[in-house]
Structures are given as C-alpha cells and as structure tokens.
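The structure under discussion appears below in the form of structure tokens.
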Amino acid sequence: MPSSSDATPRRAWIRRLRRTRLTIPDWAYGLLTVLVLLWLWEYAVDHAWINAYRFPPPSKLARTFEALLERGFPRGVTTDTHFKATLWRILKGYSVAAVCAIPLGLFVGATPLLERAVAPIITFARSVATLSLLPLAVAWFGVGEFTRVFLIAYGCFWIILTSAINAVQGVSKQYVFAAQSLGASRRQIFMQVMLPGSLPRIFAGLRVALGMAFLVIIAVEMIGTIEGLGALIMEARNFYRTDVTMVGMIFIAIIGFVLARTLAWLERILLPWVTDLEEVQR
Amino acid sequence: MKQQRAFQRNLLVSWSGVIVVLVLWQLANTLRLVNPSVFPGPLQILDTALNRFPAADVLDHARISVQRVLFGFLIGGGLGMVTGILAGWYRLFGKLIWGPIEILRPVPPLAWIPIALMWFGLGEQSKVFIISLGAFFPVVTNTYKGMISVDPMLFRAAQSIGLRGPRLLAKIAVPAALPDIAVGIRVGWSLSFGSLVAAEVLAANRGLGYMIMYGREVGEVEVIVYGILLIGLLNLITDYLIFNLLFRRQLRWYFG
Amino acid sequence: MGKAIAIEHVTKRFNDEDERALALKDVTLHIAANEFVSIVGRSGCGKTTLLNMIAGFLQPSSGQVLIGGEPAGSPGPDRGMVFQHAALFPWLTAIQNIEFGPRNQGVPRKQRRAQAQDLIELVRLGGFERKYPRELSGGMQQRVAIARALANDPDILLMDEPFGALDELTRSEMQLELLRIWEARKKTVIFVTHSIMEALYLSDRVVVFSPHPGRLRAEITVTLPRPRQRSSHEFMALYEEIHRAIF
Ligand SMILES: Nc1ncnc2c1ncn2[C@@H]1O[C@H](COP(=O)(O)OP(=O)(O)O)[C@@H](O)[C@H]1O
Ligand SMILES: [Mg+2]
C-alpha cells in the first residue's frame, strides 16, 4: 500500500488501477452477478427462507448434474441419449425445412406474379401456431418420430420461406442494373447477384427459425417419449424431481447456445463480406 | 377506370392461390381420395364452424385466450422494456444484469412448464408466467440492443441544445431505440401467442387451445382444424393490429 | 471503337400527370462516335434518368434513343456504366468486382485476371485487390467501379457523377487518367457532373440541363486543346457562359 506522503507512486498506482478497471471484460460483470445470485440462493435455502424442494439450491443442482451425467434419468436412459435424441430431431426438422424453403423462397421471390398469388397462403400458414397443430398431427400421423420432426419442420419452414422471399425482393435494384450493364445473362444475374445478395437475410431467417425449432422440440418431446431433453424435464416432474428439471433446462440452454454459435460461425465463414451481423436482423 | 380494373386484377391474383388450394382440398375429399373423418374438407369445417358451436361460445373462448396472452404479454413485455431501457441507460447495471439474462435466454418458454407447474400449480398463474417469459426475452434483448446502439451524435446534438438527464433519456434515447423495441415487441407477441397455445393445450377448461383439446378428446378432427384456423386467424389479426396500426403509424419515419 | 448516340425527342414521365413533374421533356441530343460529352445541371433535372435510358435500364415515355443507329434496347456490355453510388457487389472483392463482366462473357480465367490486374494498377489500387468494398474508402470504391466498367472495354462509357466522392487531389488524378484512357481506347463518354470546372476540363462539349421539367437548356462546344489550363482566359470565359446558362 503506497503512503500518501509519497505522491508520485500513488498517482501511478491510481492510474494503473484505472487502467485495469477499464480492461475488465463485460462478461466478468455478468459472471459476478450470476455468482452472487447463486450464493444468495444457496444461503436462502440454508436458512430455510425458501423451500429447498421447490427451489433446489445450486449445490444440489451440481450433484444432480453429476448424477445425470453418470447414471441418467429416468433409470436406464443416459443423458447422452437425451442429447442425441433432441439434437437429431432438431437437425432433421430444421434441415428439411431449410432445404425445402430456401430454393422455393428464392424461386417465389424472383417470380412476382407467383409471389402475389401465394402471399396470403404463406401469411396464414405462418400465423398458424405450430403447437396448435400438435393434436392434429397426432391424429394424422400418430405419436411418433415423424410427428415430432414434422412439427419442427413446419414451424421452421414458413419462417425460412418468408425470409428467403423477402431477401430476394430486397436485393437492391442497383446491383441488378450493374450486372445487366456488365452483360450478365438472367441466369448469371440470379446465381451471382440475387443469390449472394439475399444470403444475409436468409441467414437472419435461419436464426429466427432455430429459436422456433427449440420452442417446438420441447412441446413435442413432452408427449409419448422418454427420450429427449423435453421428455427429461417432464418426466422429472412426474417424479417430483425439480432438481432434475432444472438441470434438464441447463442442458437445453447448452444445446441452444452451441447451435446458435455454430450458425453464427457458419455465417461468418460463408458471408465474410457482411460487416455487422446484427444489421441484417432489422 | 383503368386503375379500377388493375385493382380488380390484383385482387384476383392475390386470392387465386387460396382458391386453388381450397378447391383441391375439397376435391380430394369429395372424390374420397382421403378419409374425410381424418382429413376433413373445407365444407365440412365450414359446417362445423356454422352449426357445431354457437358464435357466442367461440367468441368467449377467443376472449379468454386473448385476455391471457395480453395479460402475460403486458407483464413480460413491460418488464422486458423497463429492464432493457434501464440496462441501456445505466451501463454498469446493464453489464451486471446481462449475465443471468444471457444464461436464461436460450431456454424456450415451454421448458419452464414443469417449473411453472411446481411453483404456481395448475391454475391461471402458470399460464401467465409461461406467456410472459415468451415476451420478456425478445423485448429485453431488442430494447437493450437498441439503447446501446443509439448514434452518439444524437446525444451530442441534444446536449448541445441543453437536454440533460431524464429528458435526454425520454426525448432522445428511447425514441431512437424505438424501432428495435418494436421488433422485440413483435417477436415477443408471436412467442407469447405460441406459448399460450401450448399452455392451453396442456391444461385449461376454456380458451381456444382447450377447444382443440376438446376436439381431440371427442375424436372430431374437424373441430381440431376449426380451432387451429381460429387461433391462426386471431394471431394474424392481432399481429396486423400491433404492427400496422400501432408501429407503422408511430414509426413512419423508420418503416416508411 | 466508340459509337454514336442519338437522343430524339425523348420525354420521360414517372406516373404523374403534372407537366412540371416530367423527368425529361422533349430532349434531343446527338453525340458523335468517340466524343466526350459532359452533362451539368442542378439536382433533379433528369441527368441520371437520361443515362439510365441510354444504358437501357429505362424506356422513354416517347421519343427514341439510338446507339450506333440501332434502338437502345436492353442493357448490355457495349455500354459500361459507373453509378453515382459505386454499386459494387458487396460480396465480391475488389478484383472479383472488376472481373465480373469478363467472367460472364466467358473470358478465360488467366486472361481476365491479368486484365483486371492491369485495371487495378490503372486506378492505383495495387495491394487492395482482395479487399471487400466495405473495407475501402468511398473514393477507392468509386475507382473500383470505374475499373469494373472499363473491364468489358465498352464502346460507350456512361458516368454518373463518378468523382463526386473523391478528394480534390485524387479527383484531378482520375481526370487525367480518364482522359488518357479515352484517348488510348477510343470510346464515347457521357459524363455527368456537378462541377462546371470538371466538365470544361474534360469534354468536347458541355450540355446544360434545367429542372421541372427536365430540359436541355444549352450546349457549349469546347475547342481548347488538351491538356487545358484551368486558369486561362478562354477557360474562364467559357466557365462564365455555362454558369449563366444554369442560373
Ligand atoms: N424511379 C423514379 N420514380 C419516380 N420519379 C423519379 C424516379 N427517378 C427519378 N425520378 C424523378 O425524376 C426527376 C429527375 O431525377 P434524376 O434523373 O435522378 O435527376 P438528377 O440525376 O439530375 O439529379 C426527379 O424529379 C426525380 O424525382
Ligand atoms: Mg443523379
């Protein structure tokens, strides 16, 4: 500790402190709050201010976390089975939707008359709440994998389709003019101008659709299966294991985070020219 | 004259797709290409709509559903907006609070259902909680993003004509962030709506979600389809009201 | 080789009945092959609209545009355009932007690469070939746009305020380069600018437009030998004449 009589080093010390303060990254603040909240929670349960059964404390969650990784829940269904089941369903439904919706959207968007003819259908189909289709899909296809993947695909399809159509229509006329005056044919303009020009918005749609996939997966895993993270948290409820439900939610957050990051990474690789990824979201 | 004809032609094109779909769907039923009790046709559904349920009952279910969404949305969206604005204005608060928000954000609202049932039981509170979660996260993230990306030049300009403190917040920061807030509200509304259906399908004795479950229990697919169409229509109308009437008018400078 | 351009009684209206809202009203202008013509006039007097019609992006409401005696028709590589805002493809690097035309004309890879590299040197962007447009300054973007238009070696070069975003020094450099290219490769150039000085320095003929409705107000032929002295007496006299025609 520098003494106050010694003015110069003290000022240097303050300066250093200021400088270090400036370099604290934002996430450190966030982490601090999280740790404080977890500690408060633990403390409150310890002193019986809140019910340990309805609010299992972090220490309990940590033990459950470990137990789930080791033994799984319910007995015999390992955690990686849950992870794999959920991930597969999402990837299947999501990629089917993307593979169908992107080419179709590009085509519809580039054909104005067709676009006008199908616009009301798309608007309505998009408004239909995917989860309200659950009972219908069960009546049609039964309670099976197909129903689950179908609903995920349905929810994502319309979002991606709309974004692809808007993307094509939103490509600046300037670029088309420029390409025309450079002698590009219609086909060349489509492949080299419309397609790359619409990718940023298509990616924005893909991002929203991923969120939709996560909303739907939980609902469809709540019925007729014991495999998958949605099933895990619902099953835990049936056994009054709030701790397992909470750890299940942490698992879901982890998958969601990883998939969103993967998509952002893909976008940076595939669209190196886009400055601000957020810009496109508007 | 010429314009009117062009308008009529536009209208025809716009609806041609819908008409083609409806006709094909009905034909598939009439010609028994599909089983009408599993895949009911438009006429069958129209019949259900007109004769099976009294309009007053349907309106009542719709009213209950709208009330639920609105209530949950106002709580979640309101909290999200206030949190987002404060987090954007008081940067230290923002940095502190962003940790927990970022951790909870990837958890979809429906994953909270077991917890909500545990905390609030099977009643109305659980539903409102789930719905408000649907609105909270999109609104809070978009508001915060809007607040921190306000062009600093705007602040300098406002300060140079003497605006300070809360007036700077109310007159410059919030209006400048409004387009982002609007996006958050729109996404939040659709997520609230989606969560409502799940909440009602899971447990309710009134509301449009309940109508669908009723159809499932009595095994009448046309009732399910009717309920789905009603929910879709309600979503469409409310989204239109929010976006076009509220935002387009208030934010004309942004949306054009 | 350049081509002659004939603009005959061209009128352009954008869905508005009002006479004053005509973008162009009864414009007739003949441009000889290999001529360098500048168009000056206030904003909104229809300069961009006229270029767009020569390029083939827009059709006249009445009258006609002939290129080398043929109707202008749809846009093509014979008419290179440099847009007011560079309009570079943001997803292509500088050199890929320049290669866009030749690539789609089927020029073999090696040849078009070498060509594009020459153009990069011409517009003095050596070292920036692999940058995306967003990584370039406004002036650099504009130079890429000029190189891109030149890459097809078009008969006609249409330039819409191409140097507006450049700083004064780069601007005079680019003016010299443009004259060099024009003399070396023989093209018909239509050059839109806000600057009377620039128009006088570059062109064989300066055409003055006036707005509401857009009309051809005056034509001034410049016979001064190049390179021109901006401070010479004749130059200033012509400047005064054009200035008077605009106001
Ligand atoms: N696509 C368009 N639709 C309607 N009006 C237009 C369009 N393009 C140009 N105009 C109008 O035509 C006039 C001439 O525009 P422009 O050719 O861009 O002028 P300049 O390039 O000389 O500034 C302006 O009054 C402008 O508002
Ligand atoms: Mg212009």
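The values are calculated or read from the model by the stated rules, or taken from the named source; none is laboratory data. As the structure is a prediction and not an experimental result, all values here were calculated from the model. Backbone-built Cβ (ideal geometry, glycine too); neighbour counts: all protein chains shown. What goes into the accessible areas is simple: the full protein's heavy atoms, side chains included, and nothing from ligands, DNA or RNA. Shrake-Rupley method; radii C 1.70, N 1.55, O 1.52, S 1.80 Å.
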What is the percent carbon and sulfur in the accessible area of region A:51-112, measuring with a 1.4 Å probe over the protein chains and ignoring ligands?
69 percent
Solvent-accessible area, 1.4 Å probe, carbon plus sulfur percent, for region A:202-282
63 percent
Total charge dipole magnitude, the protein assembly as shown, about the Cα centre, Cβ charges on Lys, Arg, Asp, Glu only, Debye to nearest 20:
1100 debye
At 1.4 Å probe size, with the rest of the protein present, what percent of the exposed accessible area of chain C is carbon and sulfur atoms?
49 percent
Write down, largest first, the equivalent ellipsoid semi-axes of chain B in whole Å, where each equals the square root of 5 times an eigenvalue of the alpha-carbon gyration tensor.
42, 27, 14
Rounded to two decimals, what is the ratio between the C-alpha radius of gyration of region C:30-97 and 2.2 N^0.38 Å?
1.29
Rounded to whole Å, √(5λ) for the Cα gyration tensor eigenvalues of region B:121-239, largest first, gives 43, 14, 9
Using Cα springs under 10 Å in a Gaussian network model of chain B, which residue among B:ALA176, B:ALA157, B:ALA62 shows the largest mean-square fluctuation?
B:ALA157
When only Cα pairs under 8 Å and 6 or more residues apart are kept, what is the percent relative contact order across chain B?
22 percent
Largest fluctuation, B:SER37, B:SER126, B:SER190 only, Gaussian network model of chain B with Cα springs under 10 angstrom, belongs to B:SER37
In degrees, nearest 10, the alpha-carbon axis of helix B:208-217 is tilted away from the dominant principal axis of the alpha carbons of chain B by 40 degrees
Do any residues of region A:194-243 lose at least 40 Å² of accessible area when the full set of protein chains is present rather than just their chain alone, and if so which, with a 1.4 Å probe?
A:LEU215, A:MET222, A:ARG237
CD proxy, 222 nm, chain B: helix-only mean residue ellipticity via -39,500 (n - 2.57) per DSSP H run with n ≥ 4, per residue, nearest 500, stands at -25000 deg cm²/dmol
Across the alpha-carbon set of region A:111-230, Rg over Rh with Rh taken as the Kirkwood radius works out to 1.13
When the helix-only estimate is applied to chain C (DSSP H runs of n ≥ 4, each -39,500 (n - 2.57), divided by the residue count), what is the mean residue ellipticity at 222 nm, nearest 500 deg cm²/dmol?
-11000 deg cm²/dmol
If you count only protein heavy atoms with a 1.4 Å probe, what accessible area per residue comes out for region A:63-281, rounded to a whole Å²?
43 Å²
Based on DSSP H runs of at least 4 residues, each adding -39500 (n - 2.57), what is the mean residue ellipticity at 222 nm of chain A after dividing by all its residues, to the nearest 500 deg cm²/dmol?
-25000 deg cm²/dmol
Short to long, in 5 Å steps from zero, the percent of alpha-carbon pairs of chain A per bin is 1, 5, 9, 11, 11, 11, 11, 10, 8, 7, 5, 4, 3, 2, 1, 0, 0
Please give the residues from region A:119-149 for which the solvent-accessible area of heavy atoms, probe 1.4 Å, is smaller by at least 40 Å² with all protein chains in place than with the chain isolated.
A:PRO120, A:ILE121, A:PHE124, A:SER127, A:ALA129, A:LEU131, A:SER132, A:PRO135, A:LEU136, A:TRP140
When the gyration tensor of region A:37-180 is built from Cα positions, what are the square roots of 5 times its three eigenvalues, in whole Å, from largest to smallest?
45, 21, 16
For region A:179-192, 3J(HN,Hα) per residue [Karplus equation, 6.51 cos²θ - 1.76 cosθ + 1.60, θ = phi - 60°, Hz, x = Gly/Pro]:
5, 4, 6, 8, x, 6, 7, 4, 4, 5, 5, 4, 6, 9
Per residue Cα convex hull volume for the protein assembly as shown, in cubic angstrom?
256 Å³
Using a 1.4 Å probe and counting only protein heavy atoms, how much accessible surface gets buried when A and B come together, both sides summed, in Å² to the nearest 100?
4300 Å²
Dipole size in debye (nearest 20) for chain C around its Cα centre, Lys and Arg Cβ +1, Asp and Glu Cβ -1?
660 debye
Could you please report the charge total around C:ALA87, scoring K, R as +1 and D, E as -1 over all other residues with beta-carbon less than 14 angstrom from its beta-carbon?
+2
Between the helical axis of C:109-122 and the dominant principal axis of chain C, each derived from Cα atoms, what acute angle in degrees is found, rounded to the nearest 10?
60 degrees
Just from the alpha-carbon atoms, what are the Rg and Dmax of region C:10-52 in angstroms?
11.9, 37
Could you tell me the relative contact order of region C:31-114? Use alpha-carbon pairs under 8 Å, at least six residues apart, and round to a whole percent.
16 percent
Nearby lysines by direct alpha-carbon distance to C:LYS131 (threshold 28 angstrom, same-chain neighbours under 8 apart not counted)
A:LYS173, C:LYS110
Result for chain C: accessible area per residue, probe 1.4 angstrom, in square angstrom, of 44 Å²
